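Note sheet for the following structure.
The values are calculated or read from the model by the stated rules, or taken from the named source; none is laboratory data. For clarity, every value in this text was computed on a predicted model and none was experimentally measured. Ideal geometry is used to build each Cβ from the backbone, glycine not excepted, and the neighbour counts take in all protein chains shown. SASA here: full protein model, heavy atoms, side chains in, ligands and nucleic acids out. Shrake-Rupley method; radii C 1.70, N 1.55, O 1.52, S 1.80 Å.
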Amino acid sequence: MSEIVLPEVELNIYSPKDPTEVTVVENYICTQESSPNFVRHVTFDVSGTDLEGRVRVGQSIGILPPGQNEKGRPHKLRLYSVSSPTKGEDGKSHLISTTVKRTIEELEDGSLYTGICSNYLADLKPGEKVQATGPSGKRFLMPENAKDFNYVFFATGTGIAPFRGMIKELFEDDDFEGQVALVFGCPYRTDLIYPDYFREMEAKHENFQYITCVSREDRRADGSKKYVQTSIEDCQDQLNPIFEQENTLIYICGLKGMETGIYQNLARGGFKEYLVIKGDFAKLHPDDWDWEEMRRNVKPGARTFEEVY
């Protein structure tokens, strides 16, 4: 197997105390039009800043929303995963994109909570300026020799963002011969993010598979809901041939907790090489793993990368 060498990256060229100003050039909904959730693809022009050409796919940029909180302090920085490839959106190094979901939640008292930064970003129009920081992140990257590997990407929600950029990067020159499977989970079919792009990629490339797990609509053979973690069992014909390769890497991005089920099902499927299982816990059958104990005793191995929140 090829050695996994992550690239050296620059971090925090711009900090919250010394941000830079970037310009919004596009802002559009990237789910199905009928979705009750609002997820937007936002692209920034970073021309003239030190971010140009220095942000890799798998990293994040920070956004500083204007205004103050109820204590009179500036709103906190929020990090957003880059959804464009390293070469930039559409191959333009001065364009960096991200994927933003409006946070709108009903609290126990019946009032609505609206996320400060997500709604600020979602409201922006092309031409408006934003205070930005970054880049952040040095672990959730593809190797320097990325095209020497196969990939299984697991995502929920806006965790799809880095995988859009990674997939664009892998297939940009039509010389990638590895296998890629993208497993994406969401509650309803209308919540699929960038579905047209991924369907087009699947139709165009025999070595790309797009697997969706729509938990509140799709059912497994036993009647239970489909989640990204259940795809490991349900889609063995598609996924096992990739998992079995020594040069396959797994990336997990999305809601915290999803990784637990993925790890347990990998172990059930006989793919413990993607994990580090500590001490006596390794002697237990995966069916007997206690989920709380798992968090302490089962960690991602050298071929597995996770970014959950």
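Quick rundown of the values:
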item	result
Label-to-label distance, nm, for residues given as Leu11 and Glu172 (7 Å Cα→Cβ offset)	2.4 nm
Sites excluded, GluC sites (Glu not before Pro) in DSSP loops with at most 16 other C-beta within 10 Å, longest stretch of the chain	247-309
Shape of region 20-136, Cα gyration tensor, a/c cut at 1.5	oblate
Accessible solvent surface per residue of region 45-113, calculated while the other protein chains remain in place, 1.4 angstrom probe, Å²	56 Å²
Point-charge dipole on Cβ atoms (K/R +1, D/E -1) for region 232-309, about Cα centre, debye to 20	320 debye
About the Cα centre, charge dipole magnitude for the chain (Lys/Arg +1, Asp/Glu -1 at Cβ), debye	860 debye
Heavy-atom accessible area order for Arg102, Arg139, Arg189, largest first, 1.4 Å probe	Arg139, Arg189, Arg102
Surface accessible to a 1.4 Å probe, Thr23 within the full protein complex, Å²	30 Å²
Karplus-derived HN-Hα couplings along region 247-255 (A = 6.51, B = -1.76, C = 1.60, θ = phi - 60°), whole Hz, x at Gly and Pro	9, 9, 10, 10, 10, 10, 9, x, 5
Crossing angle, helix 258-268 versus the chain [Cα axis fit, 0-90 degrees, rounded to tens]	20 degrees
Cβ-placed point charges (K, R +1; D, E -1), dipole of region 137-203 about Cα centre in debye, nearest 20	480 debye
Sites Glu128 and Trp291, calculated FRET efficiency, Cβ-Cβ separation with R0 35 Å, nearest 0.05	0.20
Protein accessible area in the chain, 1.4 Å probe - carbon and sulfur %	45 percent
Distance violations [Cα-Cα > 26 Å] among Lys138/Lys299; Lys92/Lys204; Lys101/Lys168; Lys226/Lys283; Lys76/Lys129; Lys92/Lys138	Lys226/Lys283
Global geometry of region 178-272, whether rounded, prolate or oblate, following the gyration tensor of its Cα atoms and the 1.5 cut on a/c	oblate
Two-site label geometry, Arg54 and His75: point separation in nm, points 7 Å out along Cα→Cβ	2.6 nm
Three-way shape label, region 2-87, alpha-carbon gyration tensor, a/c 1.5	oblate
Whole-Hz couplings from phi, Karplus 6.51/-1.76/1.60, listed for region 205-218; x for Gly and Pro	10, 5, 9, 10, 10, 10, 10, 10, 10, 9, 5, 9, 10, 8
Heavy-atom accessible area order for Leu112, Leu141, largest first, 1.4 Å probe	Leu112, Leu141
Long-range HN-HN contacts of Tyr151 with modeled amide H, under 5 Å	Gln179, Val180, Ala181, Leu249
Positive-end extreme of charge dipole, region 190-309 - chosen from Tyr251, Ile211, Phe198 (charges on Cβ)	Tyr251
In sequence order, calculated HN-Hα J values of region 183-188 (Karplus, 6.51, -1.76, 1.60; Hz; x Gly/Pro)	10, 10, x, 7, x, 10
Crossing angle, helix 161-171 versus the chain [Cα axis fit, 0-90 degrees, rounded to tens]	70 degrees
